[in-house]
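Here is the structure we will look at, set down as structure tokens.
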Amino acid sequence: MKTVAARVLYNVSVNVELLNSTVTCACMKETFSPVQIIPPFDISLKLATLKFETIERIYAGEPFLIMSDICCSSLSPIRIISSRFEVSSPVESPDGSLMSQIEEVVLQKNDVASECHCLLVPCNDSMPKAAAVGRYTIEWTRSDSTSDDFRVTTSLALPTVVIDMIPFWIDTSLPAYGSVSSPLPVKYTFHNRTQRVLEMKVGLDPSDACVLSGYKQANFRVLPHSSHSLTFNLLPLSPGDILLPRLRFGLARYTTAVPIDALVQRMVPSSIYVKVKICRHSLALIFLRMRFLFQPSNRLPS
């Protein structure tokens, strides 16, 4: 609800015979009328990890998502002409492209248009503790409008976020799926992002879904801006979506603002799909049975 003020200014001239002159009076009339205003749409913005988990702070060197939802509340359909994210330093796009994903989309009442872009804060020594992500701008008009003169530009500021520095990073390399009773190699690569030598402690917890072959823990040092890789051999025991052994990671003589275990679980996958292993002998038996069933002499009379 908004109040609209209407003001009228006018002059009234009166002839005074006794003075033989004209007197001019300046007058004003002002009225206030309440008007119900319906916004054309509501915009909600949020930050999320690559697993679509909502976050309130970001980490340098870790890609994150900026997602926008535009919910139309207009009685008349509106057309989104274009949209754009204008990021500010030190935030940037990994691929340098922030093209509109809802260009020329027509929204009816209660329709929702969404966008999702990947952003990144590079690791460097001059990284600030907090930064504004940028601005989000939408150009729109009514769908029944035939002229671009009635286009409207709506812009709002993206949230200001806290930037934390993670001293390490873990990359995981594993197959797309595994097979029951077949070796499943899982390779972890540990990166040192600091200017000092980091002493790392790594281990895997036992799991009921698979057997671990080889060493279960290791201690090693990683030079500044270098990496070290470890490969663990797993043997899945059951098919389906199984949980991988939990990775235990620790840093000697180094403290972080966020618990290290919470950071590690964000970086590494927690599960993998395991399929049933079918040997060649079983495949041959299945093939022979199918041929026997589909032979004309073996079909039931109709």
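Would you please state the base-10 log of I(q)/I(0) at q = 0.23 1/Å for the stretch 126-187, with intensities from the Debye formula using one equal scatterer on every alpha carbon?
Each listed q corresponds, in turn, to -1.00.
Which values of log₁₀ I(q)/I(0), to two decimal places, follow from the Debye formula for the chain at q = 0.13 Å⁻¹ with a uniform point scatterer at every Cα?
Normalising to I(0) and taking log10 leaves -1.03.
As a test, work out the antiparallel percent of DSSP beta bridges whose residues both lie in the stretch 169-288, rounded to the nearest 5.
95
For n ≥ 4 DSSP H runs only, could you compute -39500 (n - 2.57) per run for the chain, divide by its residues and tell me the 222 nm figure to the nearest 500?
Taking each H run of at least 4 residues, the total per residue is -2000 deg cm²/dmol.
With +1 on each Lys and Arg Cβ and -1 on each Asp and Glu Cβ, how big is the dipole of the chain about its Cα centre, in debye rounded to the nearest 20?
Dipole about the Cα centre, nearest 20: 1640 debye.
Share of antiparallel DSSP beta bridges in the chain, in percent to the nearest 5?
Numbers: 88 of 93 bridges.
That works out to approximately 95 percent antiparallel.
Which of the chymotrypsin sites (Phe, Trp or Tyr not before Pro) across the stretch 1-100 are loop residues per DSSP, with 16 or fewer other Cβ within 10 Å?
In loop regions of the stretch 1-100 (DSSP not H, G, I, E or B), the sparsely surrounded chymotrypsin sites (Phe, Trp or Tyr not before Pro) are F52.
Choose one of S93, A130, N110: the residue whose Cα lies farthest towards the positive end of the charge dipole of the stretch 83-164 (beta-carbon charges +1 Lys, Arg; -1 Asp, Glu; about the Cα centre).
Positive-most Cα among the choices belongs to A130.
Would you kindly state how much longer the chain becomes between E86 and F52 on full extension, computed as 0.36 nm times their sequence separation minus their alpha carbon distance, in nm to one decimal?
This chain segment gains 10.1 nm when fully extended.
Using a Förster distance of 45 angstrom, determine the FRET efficiency expected from the C-beta separation of T3 and V162, and round it to 0.05.
On the way: r = 39 Å, r/R0 = 0.87.
Result of the calculation: an efficiency of 0.70.
Taking the solvent-accessible surface of protein heavy atoms with a 1.4 Å probe, what is the per residue accessible area of the stretch 74-187 in Å²?
53
Once you place label points 7 Å from the Cα toward the Cβ at E103 and D69, how far apart are they in nm?
In this crude spin-label approximation the distance works out to 2.6 nm.
Using DSSP loop states and a limit of at most 14 other Cβ atoms within 10 Å to flag GluC sites (Glu not before Pro), what is the longest stretch of the chain containing no flagged site?
In the chain, the maximal stretch lacking such sites is 105-302.
So how exposed is C116, as accessible area in Å² (1.4 Å probe, rounded to 10)?
C116 has an accessible surface of roughly 50 Å² with all protein chains in place.
If I fit a long axis through the Cα atoms of helix 280-293 and take the longest principal axis of the Cα atoms of the chain, what angle between them do I get, 0 to 90°, rounded to 10?
Its long axis makes an angle of about 80 degrees.
Between T172, I81, P40, whose Cα lies farthest towards the positive end of the dipole of the chain when Lys and Arg beta carbons carry +1 and Asp and Glu beta carbons carry -1, centred on the Cα centre?
Working it through, the farthest residue towards the positive pole turns out to be T172.
Residues in the stretch 44-88, backbone N under 16 Å from the label point at S227 (7 Å along the Cα-to-beta-carbon vector): list them, ranges by number please.
61-63
Quick check: residue separation of T172 and C25 times 0.36 nm, minus the Cα distance between them. What number comes out in nm?
Between T172 and C25, full extension yields an extra 44.5 nm.
Starting from 0.36 nm per residue, how many nanometres of slack lie between Q195 and Y10 once their C-alpha separation is accounted for?
Going from the current span to full extension adds 59.0 nm.
Calculated FRET efficiency, K277 and L243, Cβ-Cβ r, R0 22 Å, to nearest 0.05?
0.70
Could you work out what % of the accessible surface of the chain is carbon and sulfur, using a 1.4 angstrom probe and leaving DNA, RNA and ligands out of the count?
On the way: 10450 of 19010 Å².
With neighbouring chains kept in place, the figure for the chain is 55 percent.
Listed here are the pairs K51/K109; K46/K201; K46/K129; which of them are more than 24 Å apart at the Cα?
Violating the 24 Å limit, Cα to Cα: K51/K109; K46/K201.
The values are calculated or read from the model by the stated rules, or taken from the named source; none is laboratory data. None of these values were measured; they are calculated from a predicted model. A quick note on method: Cβ atoms are made from the backbone with ideal geometry, for glycine too, and the neighbour counts reach across all protein chains shown. Heads up: the accessible areas ignore ligands, DNA and RNA and are worked out on the full protein's heavy atoms, side chains in. Shrake-Rupley method; radii C 1.70, N 1.55, O 1.52, S 1.80 Å.
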